[in-house]
Amino acid sequence: MMTILQALKKIKHLDRKIGKSQERIGKWCSYISPIEEPQYDTNKLIQTVNDLLSERAKLRHALHVTNALHKVEFKGKEITVDELLILSTVTIPQQIETLRMLRRKEKPYHLQGKDAPECKVVLQYDPAGRDRQIDALENDLDIIDQILDEINITTDISSYVK
C-alpha cells in the first residue's frame, strides 16, 4: 500500500536525487586531463536521471488518476479530490480576493470642506456581509484542508502505479 502522502514524499525525494544527478552531469560532462580525473560517468548519470524521471512520472500519474476518480463529500455534495483541490487552490482564493476588493472610497481632498458641493460616499456593498462571506470561505478552506489531510493519509494509490 502506498498512500498519497507517501507518494508526495517519494516525489520530493526523487526531485532531490534528480537535481543532484543533473548537477553532477553539468560538472563532469567535461574535464581537464591529466589534471582531473572524472568522478562520475555522465552516461550512467543520464540513465539514472531518466530512470528517476520515469519513476516520478508514474507516481504523478497515479496521483492524478486517484484525484480524478476518488470522491469525497464536501458541503453535502459528492465531488472528486481533483475538484476539491481546484476549489482550494484556485476558486476560493480568487473569490476571497474579489471580496477583499470591496473597499470604501474616500472623498478626494478638494471635495472636503465648506466650499465643496455636498457629496457623499455611497457603498454598493455591505461591509459586514463581505466580512461574513470571507469568513465562510476561509472556513471552507479549513474544512477542505482537513479532508485533504485525511485523504492523503488513508487513500491507497498503489493500484494506479504502473
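Computed from the coordinates by the stated procedures, all read-outs in this text should not be read as laboratory data. Predicted model only: the values in this text are computed from it and were never measured. For neighbour counting, all protein chains shown are included, and Cβ atoms are generated from backbone atoms with ideal geometry for every residue, glycine included.
Structure notes:
- Within straight-line reach of Lys120, meaning a Cα separation under 17 Å, sit the following lysines at least 8 residues removed in sequence or on another chain: Lys105, Lys107.
- Here is the list for the range 64-162: chymotrypsin sites (Phe, Trp or Tyr not before Pro) lying in DSSP coil, each with at most 13 other C-beta atoms within 10 angstrom of its C-beta, are Tyr125.
- Cross-link check: pairs Lys17/Lys58; Lys9/Lys77; Lys10/Lys75 evaluated at a Cα-Cα cut-off of 20 Å; pairs beyond the cut-off: Lys9/Lys77; Lys10/Lys75.
- Charged-residue dipole, Cβ positions (Lys, Arg, Asp, Glu), the range 45-99 about Cα centre, Debye nearest 20: 60 debye
- Debye, to nearest 20: dipole size of the range 4-160, +1 on Lys, Arg Cβ, -1 on Asp, Glu Cβ: 400 debye
- Loop trypsin sites (Lys or Arg not before Pro), the range 1-103 (other Cβ atoms within 10 Å of the site Cβ: 16 or fewer; DSSP): Lys75, Arg103
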